[in-house]
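A.B. asks: Let me begin by handing over the structure; questions about it come next.
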Protein chains: 2
Amino acid sequence: MTSIPKLNVVPFVSVDHMMKLVLKVGIDTFLRELADVIEEDFLRWETFDKTPRVASHSQEGVIELMPTSDGTLYGFKYVNGHPKNTREGRQTVTAFGVLSDVGNGYPMLLSEMTILTALRTAATSAAAARHLSRDGARSMAIIGNGAQSEFQARAFKAILGVDQLRLYDIDPSASQKCYANLQGLGFSITICDSAEQAVEGADIITTVTADKQYATILTDNMVGPGVHINAIGGDCPGKTELHRDILLRSDIFVEYPPQTRVEGEIQQLDEDHPVIELWQVMAGKVKGRKDERQITLFDSVGFAIEDFSALRYVRSKLVETGLFEELDLLADPDEPRDLYGMLLRCEAAMQAAPEKKPEGVL
Amino acid sequence: MTSIPKLNVVPFVSVDHMMKLVLKVGIDTFLRELADVIEEDFLRWETFDKTPRVASHSQEGVIELMPTSDGTLYGFKYVNGHPKNTREGRQTVTAFGVLSDVGNGYPMLLSEMTILTALRTAATSAAAARHLSRDGARSMAIIGNGAQSEFQARAFKAILGVDQLRLYDIDPSASQKCYANLQGLGFSITICDSAEQAVEGADIITTVTADKQYATILTDNMVGPGVHINAIGGDCPGKTELHRDILLRSDIFVEYPPQTRVEGEIQQLDEDHPVIELWQVMAGKVKGRKDERQITLFDSVGFAIEDFSALRYVRSKLVETGLFEELDLLADPDEPRDLYGMLLRCEAAMQAAPEKKPEGVL
């Protein structure tokens with residue numbers, strides 16, 4: 001309520017606040033608005049400072065930093081990918097992110113991004129499909145029914161009206177979980193015994209499996225004319241989901257080619273295989289779907305601008321929802337050059353006041 | 001106090017907690033122990049995954065991410081540099097950092113690093129000088145008396161016994177502030193009218209000015225035989241402090257050549273000008289100071305491993321001090337693949353409980 005800006009404070013959106021924020025806005029509205037913000041940023045693609053993510057690989061997984069800037073705001077996401085985590089009760093992917101003011105370099109938002117990444121990935125898929133799937137697409141196969149699957153279903157329903165789902169997972173309990181979670185929302189859902197069965201008659205095929213290895217979730221004979229493939233799971237070197245022959249029959253749309261060439265399905269193709277940048281379709285520079293028989297493939301690996309958009313969107317919701325905490329993250333001495341003096345004043349204050357109990361327990 | 005690990009929680013060290021932690025440990029002890037941890041990590045230099053920092057430059061300044069990993073722990077620092085910030089009452093440099101477990105990618109510590117960077121920069125300078133300055137060095141010129149100056153003075157006293165200071169700044173009030181802040185600690189301090197006067201008789205010359213431009217704080221005639229130059233302020237492209245001729249007369253020691261060639265004083269030299277990696281001196285592979293007349297120059301730009309060491313050191317102090325908060329940063333659904341179900345359960349809980357007031361005000 002103070003009008004004096006507290007320069008030390010950065011708004012922080014915890015996991016609990018993020019859930020409440022999403023629910024308060026409404027999941028459908030959140031996904032729709034987020035898809036619009038992402039598309040808005042894709043339309044000004046050329047204003048962004050772009051770089052492939054900075055990855056630190058280990059035997060168990062990867063930790064990545066994904067920075068970008070539009071010259072006014074700067075954002076980055078920290079995200080890990082550790083497929084074995086699930087066995088230890090941990091998330092395969094966790095993330096958090098920061099949005100900053102380019103003018104002074106000060107962070108303006110620290111946010112959990114595990115939930116937010118799930119939402120932005122789904123919103124990006126649906127925003128792409130808006131331009132790439134056949135008009136009137138209503139049915140979608142979802143192969144891989146893990147943590148991302150329900151978010152994909154919700155986004156495609158909220159944004160495209162897709163209400164018929166065909167689920168398949170090598171682990172039937174994953175499909176059961178997805179089925180149960182999506183009850184009461186107006187979906188017609190079929191759990192399938194095989195990937196082949198799942199894709200039968202589907203307008204859209206979403207592949208979103210989690211194994212960190214070359215896999216063939218879809219073979220060429222499974223993909224009929226006119227289908228839009230939303231390939232989410234192939235997202236790091238050595239991890240793909242589609243048979244190469246499918247790629248050769250498809251028009252391939254990507255986020256940022258230098259990153260997708262290394263991480264996406266197209267790592268299976270020659271380095272100069274033609275791909276279309278999604279932003280150019282959104283901007284009307286290149287046609288997305290040209291006819292009813294064309295196979296379109298969104299080879300999605302997730303790009304920093306989508307996280308930037310998501311952070312920007314969440315930041316815009318803070319005032320109306322109040323769903324954040326104030327984090328004492330930045331040193332703010334009374335006199336900017338007197339950082340050391342701040343320590344001295346703290347010392348004086350500590351000597352004047354009785355010592356409090358330790359405040360955290362590890 | 002619970003024995004069940006809370007997978008959603010990341011320990012957070014705020015600015016307030018960092019100050020209390022430093023004071024509880026004691027500034028001298030903190031600097032000495034931190035210098036030892038930095039040297040410990042420099043001794044195993046080859047085990048680290050190293051990369052130049054990832055910088056996003058703008059007209060006003062720079063925002064950088066500095067990641068590194070030793071294969072067991074991963075750390076990164078976010079740091080900005082905006083020289084004009086001081087005029088708006090903000091810090092030129094603010095920073096925070098994260099330490100993570102490479103095995104599962106989960107963050108183990110989020111910490112303010114504005115204060116911590118000041119301490120690690122000073123500890124690194126003193127750790128380097130331990131190997132490079134003349135035995136028995138007692139007097140140091142400090143040119144540039146801004147936010148870093150007192151930390152340098154404290155580190156050189158705690159680690160090398162330097163107790164005679166000669167201060168110079170183009171702004172006399174900065175020298176006055178530094179002088180006042182260092183009273184009562186056993187220093188003999190002279191405020192000088194010029195850089196020339198400051199360096200007279202000094203065993204060590206520390207340059208730590210803040211302008212983002214090519215400057216000549218030291219000219220060749222000012223540097224006598226046997227001096228150790230601790231050059232801190234030249235730390236980004238286009239920002240240097242020393243005249244090129246000094247570099248040509250000195251043996252130059254650097255942290256990580258691919259970064260220093262771009263950011264350090266040696267950006268003034270040919271790309272193949274010989275430099276010595278500091279870690280090799282610490283490891284005894286290369287001799288640091290060879291004789292009493294040699295001019296040694298530590299061309300310091302700050303490297304990710306120093307931040308990694310600092311985060312590792314702070315993490316080691318959390319249990320004994322309890323000076324941290326628990327941050328709800330990571331989504332932790334009961335069933336790892338059921339991230340969406342976590343949202344549903346939050347929704348059910350919100351419907352069952354009366355709505356609380358908004359929790360933050362922007």
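The values are calculated or read from the model by the stated rules, or taken from the named source; none is laboratory data. Small disclaimer: the values here were computed from a predicted structure and weren't measured. Every residue, glycine as well, gets a Cβ built from its backbone with ideal geometry; the counts of neighbours run over all protein chains shown. With ligands, DNA and RNA removed, areas are computed over all heavy atoms of the protein, side chains included. Shrake-Rupley method; radii C 1.70, N 1.55, O 1.52, S 1.80 Å.
A.B. asks: Taking the Cα centre of the range A:132-302 as origin, work out the dipole magnitude from +1 charges on Lys and Arg Cβ and -1 charges on Asp and Glu Cβ, in debye rounded to 20. Intermediate values should be presented prior to the final figure.
C.D. replies: Numbers: 16 positive and 25 negative charges, 103 e Å.
Once rounded to the nearest 20, the dipole reads 500 debye.
A.B. asks: Shifting gears a bit: Given the protein chains as shown and a 1.4 Å probe, how many square angstrom of B:T190 are accessible, to the nearest 10?
C.D. replies: Rounded to the nearest 10, the figure is 50 Å².
A.B. asks: May I pose another question? How far is the Cα center of the range A:271-323 from the Cα center of the range A:11-86, in Å?
C.D. replies: The range A:271-323 and the range A:11-86 have Cα centres spaced 12 Å from each other.
A.B. asks: Report, for A:P237, each distance to the same residue's label point in the other copies, shortest first and in nm; define the point 7 Å along Cα→Cβ.
C.D. replies: Its label point is 2.5 nm from the equivalent points in the other copies.
A.B. asks: Right, something else. List the residues of the range A:132-160 for which accessible area in the full set of protein chains is at least 50 Å² lower than for the chain on its own; 1.4 Å probe, protein heavy atoms only.
C.D. replies: A:F151
A.B. asks: Which distances, shortest first and in nm, link B:E200 to the matching position in the other copies, using label points set 7 Å out along Cα to C-beta?
C.D. replies: Result, one decimal in nm: 9.6.
A.B. asks: To test your reading of the geometry: what angle, between 0 and 90 degrees and rounded to tens, separates the Cα axis of helix A:304-321 from the longest principal axis of chain A?
C.D. replies: Orientation of helix A:304-321: about 60 degrees from the principal axis.
A.B. asks: Can I ask one more? Please work out whether the range A:208-353 counts as rounded, prolate or oblate from its C-alpha gyration tensor, where a ≥ b ≥ c are the square roots of the eigenvalues and a/c under 1.5 means rounded, while otherwise a/b larger than b/c means prolate and anything else oblate? Could you put the intermediate results ahead of the total?
C.D. replies: Details: a/c = 3.36, a/b = 2.68, b/c = 1.25.
Cα axes put the range A:208-353 in the prolate bin.
A.B. asks: Before I look further, what does chain B give for accessible area per residue, probe 1.4 Å, in whole square angstrom?
C.D. replies: Numbers: 13340 Å² over 362 residues.
Here the residues of chain B average 37 Å² of exposed surface.
A.B. asks: Among B:T240, B:T51, B:T121, which one shows the highest mean-square fluctuation when chain B is modelled as a Gaussian network with alpha-carbon springs under 10 Å?
C.D. replies: B:T51
A.B. asks: Can you give me the Rg/Rh ratio for the range A:227-302, using Cα atoms for both radii and the Kirkwood formula for Rh? Walk me through the numbers on the way to the answer.
C.D. replies: Numbers: Rg = 11.5 Å, Rh = 12.3 Å.
Across the range A:227-302, the Cα-based Rg/Rh ratio is 0.93.
A.B. asks: By how many degrees, 0 to 90 and rounded to 10, does the Cα axis of helix A:27-43 deviate from the longest principal axis of chain A?
C.D. replies: Once rounded, the angle reads 90 degrees.
A.B. asks: Counting only protein heavy atoms and rolling a 1.4 Å probe, how much accessible area do B and A lose on contact, total for both sides, in Å² to 100?
C.D. replies: Numbers: alone 17610 and 17630 Å², together 26710 Å².
That pair hides around 8500 Å² of surface in total.
A.B. asks: Quote the FRET efficiency, to the nearest 0.05, computed for A:E46 versus B:K50 with a Förster distance R0 of 30 Å and r equal to the Cβ-Cβ distance. The partial results should precede the final answer.
C.D. replies: On the way: r = 32 Å, r/R0 = 1.07.
With a Förster radius of 30 Å, E is 0.40.
A.B. asks: Let me ask something additional. Could you pull out the longest piece of chain A with no exposed loop GluC sites (Glu not before Pro) in it, calling a site exposed if DSSP puts it outside H, G, I, E, B and it has at most 15 other Cβ atoms within 10 Å?
C.D. replies: Working: sites that count: A:E200, A:E271, A:E292, A:E355, A:E359.
Maximal segment without exposed cleavage sites: A:1-199.
A.B. asks: Moving on to the next point. Check each of the trypsin sites (Lys or Arg not before Pro) in the range B:204-291 and keep only those in coil by DSSP with at most 15 other C-beta atoms within 10 angstrom; list them in order. Before the final figure, lay out each step's value.
C.D. replies: On the way: sites: B:K212, B:K239, B:R244, B:R249, B:R261, B:K285, B:K287, B:R289, B:K290; in loops: B:K212, B:K285, B:K287, B:R289, B:K290.
Here the sparse-neighbourhood loop sites are B:K285, B:K287, B:K290.
A.B. asks: With every atom except the alpha carbons ignored, what do you get for Rg and Dmax of the range A:257-335, in angstroms?
C.D. replies: Cα-based Rg and Dmax for the range A:257-335 come out at 20.1, 67 Å.
A.B. asks: Now for a different question. At a Cα cut-off below 15 Å, give the aspartates and glutamates reachable from B:K287, other chains included and same-chain residues fewer than 8 away excluded.
C.D. replies: B:K287 reaches B:D135, B:D251, B:E277.
A.B. asks: Could I ask something else about it? Going by alpha carbons, how many degrees (0 to 90, nearest 10) lie between the helix axis of B:114-132 and the longest principal axis of chain B?
C.D. replies: With both axes taken from Cα atoms, the answer is about 40 degrees.
A.B. asks: Continuing with this model, one more query. Express the C-alpha Rg of the range A:132-302 as a ratio against the empirical globular expectation 2.2 N^0.38 Å, rounded to two decimals. Please report the intermediate quantities before stating the final value.
C.D. replies: Working: Rg = 15.1 Å, N = 171, 2.2 N^0.38 = 15.5 Å.
Normalised Cα radius of gyration, the range A:132-302: 0.97.
A.B. asks: Okay, moving on. Could you work out, residue by residue across A:11-19, how many beta carbons of other chains sit within 10 Å of that residue's beta carbon, and then give the average as an integer?
C.D. replies: Values: counts 3, 6, 3, 7, 11, 5, 3, 4, 9.
Averaged over the peptide's residues, the number is 6.
A.B. asks: Find the eigenvalues of the gyration tensor of the Cα atoms of the protein assembly as shown, then list the square roots of 5 times those eigenvalues as equivalent ellipsoid semi-axes, largest first, in whole angstrom. Show your work: numbers first, answer last.
C.D. replies: Values: eigenvalues 524, 151, 93 Å².
Gyration-tensor ellipsoid for the protein assembly as shown: 51, 27, 22 Å.
A.B. asks: Distances from A:D334 to the same residue in each other copy, label points 7 Å out along Cα→Cβ, in nm, shortest first?
C.D. replies: Those separations, rounded to one decimal, come out as 5.3 nm.
A.B. asks: Other chains' Cβ within 10 Å of A:166-174 residues: what's the mean? Don't jump to the answer; show the numbers that get you there.
C.D. replies: Details: counts 0, 0, 0, 1, 0, 1, 0, 2, 3.
Per-residue shielding by partner chains comes out at 1.
A.B. asks: For the range B:20-74, state which trypsin sites (Lys or Arg not before Pro) are in a DSSP loop and have at most 15 other beta carbons lying within 10 Å of their beta carbon. Show your work: numbers first, answer last.
C.D. replies: Working: sites: B:K20, B:K24, B:R32, B:R44, B:K50, B:R53; in loops: B:R44, B:K50, B:R53.
Taking the range B:20-74 and a limit of 15 other Cβ atoms within 10 Å, the loop trypsin sites (Lys or Arg not before Pro) found are B:R44.
A.B. asks: How big is the dipole moment of the range B:57-123 about its Cα centre under a simple scheme where the beta carbon of each Lys and Arg is +1, that of each Asp and Glu is -1, and everything else is neutral? Debye, nearest 20, please. Numbers along the way, then the final one.
C.D. replies: Working: 5 positive and 6 negative charges, 51 e Å.
That gives a dipole near 240 debye.
A.B. asks: What is the magnitude of the charge dipole of chain B about its Cα centre, with +1 placed on the Cβ of each Lys and Arg, -1 on the Cβ of each Asp and Glu, and no other charges, expressed in debye to the nearest 20? Present the calculation step by step, with values, prior to reporting the outcome.
C.D. replies: Working: 36 positive and 53 negative charges, 111 e Å.
Dipole of chain B, to the nearest 20 debye: 540 debye.
A.B. asks: Which residue fluctuates the most in chain B, going by a Gaussian network model with Cα springs under 10 Å, if the choices are B:G97, B:G89, B:G322?
C.D. replies: Evaluated over chain B, the most mobile residue of the options is B:G89.
A.B. asks: Right, here's the next one. What number, rounded to the nearest 500 deg cm²/dmol, is the helix-based mean residue ellipticity at 222 nm of the protein assembly as shown, given -39500 (n - 2.57) per DSSP H run of at least four residues and division by all its residues?
C.D. replies: Result for the protein assembly as shown, helices only: -10500 deg cm²/dmol.
A.B. asks: A further question follows. What is the Cα centroid distance between the range A:179-250 and the range B:102-145, reported in whole angstrom?
C.D. replies: 51
A.B. asks: Can I ask one more? A 26 angstrom limit on the alpha carbon distance is what I want to check against. Which of A:K24/B:K77; B:K50/B:K239; B:K24/B:K50; A:K6/A:K77 exceed it?
C.D. replies: On the way: A:K24/B:K77 33 Å; B:K50/B:K239 23 Å; B:K24/B:K50 33 Å; A:K6/A:K77 24 Å.
Result: A:K24/B:K77; B:K24/B:K50 exceed 26 Å.
A.B. asks: Karplus couplings for the range A:85-101 from phi (6.51 cos²θ - 1.76 cosθ + 1.60, θ = phi - 60°), rounded to Hz, Gly and Pro as x?
C.D. replies: 4, 3, 5, 9, x, 10, 6, 4, 10, 10, 7, 9, x, 9, 10, 10, 8
A.B. asks: Of the candidates A:S188, A:S139, A:S250, which one comes out as most mobile in a Gaussian network treatment of chain A with C-alpha springs shorter than 10 Å?
C.D. replies: Maximum among the listed residues: A:S188.
A.B. asks: Same structure, new question: The range B:30-118: Rg/Rh from Cα coordinates, Kirkwood Rh? Don't skip to the answer; put the middle values down first.
C.D. replies: Working: Rg = 14.8 Å, Rh = 14.5 Å.
Rounded to two decimals, Rg over Rh is 1.02.
A.B. asks: Measure off, as a whole percent, the carbon and sulfur share of the 1.4 Å-probe accessible area of the protein assembly as shown, all protein chains present.
C.D. replies: It is 48 percent, rounded to a whole number.
A.B. asks: Another question, then. Mark the label point 7 Å from the Cα of B:R345 along Cα→Cβ and return the residues of the range A:55-89 whose backbone N is within less than 20 Å of it.
C.D. replies: In the range A:55-89, the label zone of B:R345 (backbone N under 20 Å from the point 7 Å along Cα→Cβ) covers A:85-89.
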